[in-house]
Amino acid sequence: MVNNFDGPVINYSQQKINNKLQIIPCPILFEEKITPQQISIEQWNNLPVFFKTNDGDFPFDLMGAAFYLITRYEEYFSITPDNHGRFSANNSLAYKHNFLHRALIHHYAFCIESKMELPKTMQEKVKYKPLITFDIDNAYAYLYKGLYRTTGAAIKDIVRFDFENLYNRISTLCFIKKDPFDTYAYIDAQATNDFEIAYFFMTANLSQFDRNMDYRKKQFQKLVTKIASQYQIGIHPSYYSNEQTEKLQEEINRLATMSKKKIIHSRQHFLRLKFPNTFQQLIKEGIEHDYSLGYADKAGFRASIAVPFAFFNLTTNEKTNLILHPITFMDATFKFYEKKTNDQTIKTISDLKNEIQQVNGQLHVVLHNETLSEKGDWKGWRNIFEKIIS
Ligand SMILES: [Zn+2]
């Protein structure tokens, strides 16, 4: 039957079919259960490759390798978590073999495509607009925190002899100065049709790692309502929601009530995620799009791909309807994890943008409202932001 078919064919089997492109499969795509894989990386056509085969049009099973990378297969096995219980980039195949900065799956696809004669309709590429996203961990630096937290913070400023911060705090509270994290008007002013903007709001109760203002305050609700009328919004689930899943439902409900929107977008606070539990839980709570797939400690392509894709659950061996939007980089990665200077940051961003352009992928940037405050650690970041969106 395949012999009579005129269109493009990939023969993914051991059996030869007349002049049809053949990839010899390794077992991974035919297995029902997951087991730790022995991976041996080699270089071929300037690409890191694995799952060697003996025959066919490629010396490697590029399909099997792409499946291994995109499903995050390695993250299903016992890992040494970092301080926040996350799979660290340092433990990943991509970082260990120096390909985290490459959207490798696209390059594999190009290799396959170059050996096929595709009809014009199949050569058309989807164009993705860059996606600039903001996590609202702290809607305001000083305002609306309540008497107890404000007094405590002011005492801390005094104990630390941080009189500049104390002065800024008092000036902001007296409405002499604008709150430094109130960068929303600046972001509005930069918005164009050339890129998309999305906001993720935290509506958690106060905890050691969840420091936003009280979600019940009318100023917070006003901010959410205003932003939700202009941009896509989503939930920023609290630090502990990953383990205490009842919190997730509660936080989603709060955001839905105040925004009067169905909440279907989500990004994990601290990018805390565990395969497959986090995504299973999000699906259960009605989330359809997740934006957490990136590393906090390194920039680059965690799933070796730069376009959205459906989450495949390896435990249940099923494709799901949850769409994962892979991250290209996050502001805090450069500043707090890699400790890069602004010039080094600009260079890395430019390299990643080039890679995105080369593979026709989607740039997906994670920022915070405070990143654009031009205060403290974030001096110079408006310039970086303007370079990102240019
Ligand atoms: Zn966060």
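The values are calculated or read from the model by the stated rules, or taken from the named source; none is laboratory data. Predicted model, so just to flag it, every value in this text is computed and none were measured. So basically every Cβ, Gly included, is an ideal-geometry build from the backbone, and we count neighbours across all protein chains shown.
Table for the structure above
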| quantity | calculated |
| --- | --- |
| Residue within the range 164-179 that is within 16 Å of the ligand (Cβ to nearest atom) and within 22 Å of residue 233 (Cβ to Cβ) present | no |
| Single unsatisfied condition, residue 140 versus (1) over 18 Å from the mean Cα position of the chain (by Cα); (2) surrounded by fewer than 18 Cβ atoms within 10 Å (Cβ to Cβ); (3) within 16 Å of the ligand (Cβ to nearest atom) | (2) |
| Within the range 55-94, considering residues that are in a loop (DSSP other than H, G, I, E, B) and among the aromatic types (Phe, Trp, Tyr), the one farthest from the chain's Cα centre (by Cα) | 58 |
| Selection count where residues are over 14 Å from residue 23 (Cβ atoms) and of a type in the set (S, T, N, Q), scope the range 109-132 | 2 |
| Identity of the residue in the range 110-137, at pLDDT 85 or above and farther than 19 Å from residue 364 by Cβ, that ends up surrounded by the fewest Cβ atoms within 10 Å (Cβ to Cβ) | 114 |
| Selection status of residue 274, without any contact (Cβ under 8 Å) to a residue 40 or more places away in the chain, on the phi < 0 side of the Ramachandran plot and not acidic (Asp, Glu) | no |
| Selection within the range 242-290 - within 16 Å of the ligand (Cβ to nearest atom), basic (Lys, Arg) and assigned to a loop (DSSP other than H, G, I, E, B) | 267, 272 |
| Hits in the range 296-310 - residues which are out of contact with any Lys or Arg (no Cβ under 8 Å at 6 or more places or on another chain) and farther than 17 Å from residue 356 by Cα | 297 |
| The lone exception for residue 353 - which of (1) closer than 24 Å to residue 194 by Cα; (2) touching an Asp or Glu at 6+ places or on another chain (Cβ under 6 Å); (3) of a type in the set (Lys, Arg) it fails | (2) |
| Tally of residues being among the small types (Gly, Ala, Ser) and surrounded by 20 or more Cβ atoms within 10 Å (Cβ to Cβ) across the range 69-84 | 0 |
| Residues (free of Cβ contacts under 8 Å to residues at least 40 places away in the same chain, aliphatic (A, V, I, L, M) and closer than 24 Å to residue 275 by Cβ) located in the range 1-48 | 29 |
| Candidate set: the range 54-68, residues that are touching a helix residue (DSSP H, G or I) at 6+ places or on another chain (Cβ under 9 Å) and farther than 20 Å from residue 114 by Cβ; chosen: the one surrounded by the most Cβ atoms within 10 Å (Cβ to Cβ) | 68 |
| Some residue of the range 298-317 being within 16 Å of the ligand (Cβ to nearest atom), closer than 24 Å to residue 90 by Cα and over 11 Å from the mean Cα position of the chain (by Cα) | no |
| Number of the exception - residue 211 against (1) farther than 18 Å from residue 253 by Cα; (2) within 14 Å of the ligand (Cβ to nearest atom); (3) touching a Phe, Trp or Tyr at 6+ places or on another chain (Cβ under 8 Å) | (3) |
| Test: residue in the range 143-159 that is within 16 Å of the ligand (Cβ to nearest atom) and closer than 21 Å to residue 238 by Cα | no |
| Members of the range 347-373 found to be farther than 29 Å from residue 99 by Cα and touching a helix residue (DSSP H, G or I) at 6+ places or on another chain (Cβ under 6 Å), listed by number | 372 |
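Every residue, every condition in (1) surrounded by fewer than 23 Cβ atoms within 10 Å (Cβ to Cβ); (2) free of Cβ contacts under 8 Å to residues at least 12 places away in the same chain; (3) not assigned by TED's automatic domain parsing to the domain that holds residue 74, yes or no:
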residue	(1), (2), (3)
229	yes, yes, yes
234	no, no, yes
245	yes, no, yes
250	yes, yes, yes
256	yes, yes, yes
282	no, no, yes
